[in-house]
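The values are calculated or read from the model by the stated rules, or taken from the named source; none is laboratory data. If you're wondering where the values come from, they're calculated on a predicted model, not measured in any experiment. Virtual Cβ from ideal backbone geometry, glycine too; neighbours counted across all protein chains shown. Keep in mind that these areas ignore ligands, DNA and RNA; they rest on the heavy atoms of the full protein, side chains included. Shrake-Rupley method; radii C 1.70, N 1.55, O 1.52, S 1.80 Å.
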Amino acid sequence: MLGSLAVGSIYGQQPSIITNYMFTNMATNPAYAGGNGGINLTGLVRQQWMGWKDSDGMKSAPQTFLLTVDAPIRKIHGGLGGSIVQDQIGAFKNTIVKLGYAYRMETWSGMLSFGLQGSLLNISYDGSKFKPIEENDPVLGQLEKNSDMMVDFGLGAFYKVPDVYYIGLSAENIRSTQSALQHTA
């Protein structure tokens, strides 16, 4: 109890929920870029709670759109890749653009790669979609559309033995800049 009183501020994040990881490795690990030996293009649409509408009849269920592309480039001993993700939950929308590079090397009986990526994240919300319980709510009455841009970095490692197994490790939000929306929302 006493420890919770000592916290000055808390920041939270909601990463996009992505399923089918075996098909969307580029979205979560930059070291995967160029790993299949050809140009790969993957798209995914995730609509949760099909048919869900809020009390005003507006669609407010979470939905995610994902597009990834990657390709090997022999001259740089690796591959390049990127992804675009749009995640919308009610009045909130996140759009993320990631670009990554993977350095690849043959080891043991497989391929080992290390990757680095840069990300741009646009966070926005539409305050007009919030409905106050009381008609003259002083906080919700002042909310408008707002958005902010953040820069982030990620890294990863990926090891693959063809037709046997693969294993990956990645980290995002390495150096995330602080959003102005954290202070106004």
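Keeping every protein chain in place, order ILE174, ILE39, ILE123, ILE73 by accessible area at 1.4 Å, biggest value first, i.e. largest first.
Numbers: ILE174 90, ILE39 140, ILE123 35, ILE73 60 Å².
Descending accessible area places them as ILE39, ILE174, ILE73, ILE123.
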Convex hull (Cα only) mean projected area of the range 55-148, reported in nm² to one decimal
9.0 nm²
Give the accessible area for TYR21 in Å² (nearest 10); use a 1.4 Å probe, count only protein heavy atoms, and leave out ligands, DNA and RNA.
130 Å²
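Order LEU169, LEU120, most accessible first, counting only protein heavy atoms with a 1.4 angstrom probe. Write down the numbers at each step before the final one.
On the way: LEU169 130, LEU120 85 Å².
In descending accessible area the options line up as LEU169, LEU120.
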Expressed in nm to one decimal, what extension gain is obtained for the pair GLN47 and HIS77 from 0.36 nm per residue of sequence separation less their Cα-Cα distance?
7.0 nm
With a 1.4 Å probe and all protein chains left in place, how much of the accessible area of the range 44-185 comes from carbon and sulfur atoms, in whole percent?
60 percent
Points 7 angstrom from Cα along the Cβ direction at ASP137 and LYS93: gap in nanometres?
2.1 nm
Residue by residue through the range 22-39, which ³J(HN,Hα) values in whole Hz follow from phi under the Karplus form 6.51 cos²θ - 1.76 cosθ + 1.60 (θ = phi - 60°), with glycine and proline marked x?
5, 9, 10, 4, 5, 6, 10, 9, x, 6, 6, 3, x, x, 9, x, x, 6
Counting alpha carbon pairs within less than 8 Å and at least 6 residues apart, what relative contact order, in whole percent, applies to the range 27-108?
31 percent
